[in-house]
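This report concerns only the one structure given below.
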Amino acid sequence: MSDKIPVTVLTGYLGAGKTTLLNRILTEQHGKRYAVIVNEFGEIGIDNELVVGADEEVFEMNNGCICCTVRGDLIRIIEGLMRRKGQFDAIIVETTGLADPAPVAQTFFVDADVAERARLDAVVTVADAKWLSERLKDAPEAKNQIAFADVILLNKVDLVDEAALADVEGRIRAINPSATIHRTQNCAIPIADVLDRKAFDLDRIMEVEPEFLEPGHHHHHDDEIDSFSFRAGEVNPDKFMPWISELTQTEGPNILRCKGIVAFPKEPKRFVFQGVHMILDGDLQRDWKPDEKRESRVVFIGRDLNERAIRDGFMACAA
């Protein structure tokens with residue numbers, strides 16, 4: 001995967017601070033060159049005029065939301081960039097504040113040419129500390145953006161007190177217990193905490209929150225979005241692969257994200273999978289370390305999921 005161009009999807013609700021973060025990335029002295037794809041909903045686009053950094057490649061798509069009508073445009077732009085490989089180090093896609101990140105993430109799996117040459121590094125969500133709690137009540141897009149995130153910037157923390165911050169972080173954790181959360185003001189954050197995280201390849205999945213799978217942390221419930229995880233020992237690939245495939249096909253519309261690290265008997269490498277709705281991707285990654293417990297861990301985030309049925313199905317795959 002190291003020779004693939006890393007792509008960061010930058011999302012977040014309207015006014016949360018996405019463009020502020022993008023400008024920070026483009027103006028800091030990091031010595032890297034980024035191709036930037038900016039998507040603004042509406043016929044008259046101004047986002048690219050708000051983005052500084054004249055040396056960067058900025059491609060604007062303003063003929064629709066990136067998560068629906070312009071996915072074809074996104075694919076064409078990325079394929080065009082791939083032909084110029086070597087002229088930039090990474091791609092950043094800034095979505096409109098009303099975008100559902102799922103179809104954007106799916107692009108990197110469903111289009112063969114894109115999947116072969118680019119890898120989704122992470123979904124980074126910028127959240128407004130003052131208004132996120134309200135948006136989670138009335139804006140499904142805001143909830144999806146939190147659910148899909150690998151990294152969350154809880155921005156504008158200077159506008160709320162500690163009690164309010166603790167409350168909003170609790171709401172975030174109820175939706176997405178495994179994302180890394182950074183508290184920021186004006187999106188001030190080391191660039192290394194946002195880019196090249198390799199978060200979406202899941203090698204770090206359980207390092208994000210060590211207590212995530214411990215008792216008391218295994219199940220988080222939101223009014224609409226459930227997040228739960230299970231662990232087992234080694235699983236039989238002849239049982240697990242058909243099970244996870246069928247589950248994502250039948251429950252795909254309700255599965256926002258699924259991901260996991262799985263141990264197969266007599267297999268020296270860890271099998272790592274991730275899914276977005278009905279799109280499933282997985283492969284064997286690094287070897288199990290000698291001192292590493294060979295156990296299988298899976299995470300599901302979605303709506304109206306039958307936790308018991310999923311748990312029973314997973315446990316039935318035990319080797």
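The values are calculated or read from the model by the stated rules, or taken from the named source; none is laboratory data. Quick caveat, the model's predicted, so the values are computed rather than measured. As a convention, Cβ positions derive from the backbone with ideal geometry for all residues, glycine included, and neighbour counts pool all protein chains shown. Accessible surface is based on the protein model in full, side chains and every heavy atom, while ligands, DNA and RNA are left aside. Shrake-Rupley method; radii C 1.70, N 1.55, O 1.52, S 1.80 Å.
Miscellaneous remarks
- When the range 281-313 is filtered for residues that are in contact (Cβ under 8 Å) with a residue 40 or more places away in the chain and under 29 Å from Ala112 (Cα atoms), the ones remaining, listed by number, are Asp281, Gln285, Arg286, Ser296, Arg297, Val298, Val299, Phe300, Ile301, Gly302, Arg303.
- Residues that are in a loop (DSSP other than H, G, I, E, B), within 21 Å of Val276 (Cα to Cα) and open to solvent by 50 Å² or more (accessible area, probe 1.4 Å) within the range 305-319 comprise just one, Asn306.
- The residues of the range 256-273 that are among the basic types (Lys, Arg) and either in contact with an Asp or Glu (Cβ under 8 Å, 6 or more places away or on another chain) or open to solvent by 10 Å² or more (accessible area, probe 1.4 Å) (or both), listed by number, are Lys259, Lys266, Lys269, Arg270.
- Scanning the range 166-188 for residues that are crowded, with 16+ Cβ neighbours inside 10 Å and over 30 Å from Val298 (Cβ atoms) yields Thr184, Cys187.
- Selection of the range 271-315 for residues being within 19 Å of Ala105 (Cβ to Cβ) and among the β-branched types (Val, Ile, Thr) yields Val272, Val276, Ile279, Val298, Val299, Ile301.
- Hits in the range 277-293 - residues which are in contact with a Gly (Cβ under 9 Å, 6 or more places away or on another chain) and either of a type in the set (Asp, Glu) or open to solvent by less than 40 Å² (accessible area, probe 1.4 Å) (or both): His277, Asp281, Gly282
- Looking only at the range 294-304, and only at residues there that are within 19 Å of Phe273 (Cβ to Cβ) and modelled with pLDDT under 90, the one that is most open to solvent (accessible area, probe 1.4 Å): Arg297
- Residue pairs whose Cβ atoms lie under 8 Å apart, sitting 6 or more positions apart in sequence or on different chains, and linking a residue in the range 71-97 that is of a type in the set (Lys, Arg) to a partner that is at pLDDT 75 or above and open to solvent by 40 Å² or more (accessible area, probe 1.4 Å), are Lys85/Arg117.
- The single condition among (1) at pLDDT below 50; (2) more than 16 Å from the chain's Cα centre (by Cα); (3) part of a loop (DSSP other than H, G, I, E, B); (4) at negative phi that Gly216 does not meet is (4).
- A search for C-beta distances below 8 Å between a residue of the range 163-179 that is closer than 17 Å to Trp131 by Cβ and any residue that is among the small types (Gly, Ala, Ser) and open to solvent by less than 10 Å² (accessible area, probe 1.4 Å), counting only pairs 6+ apart in sequence or on different chains, returns Ala164/Ala129; Leu165/Ala129; Val168/Ala127; Val168/Ala129; Ile172/Ala127; Ile172/Ala179; Ile175/Ala147; Ile175/Ser227.
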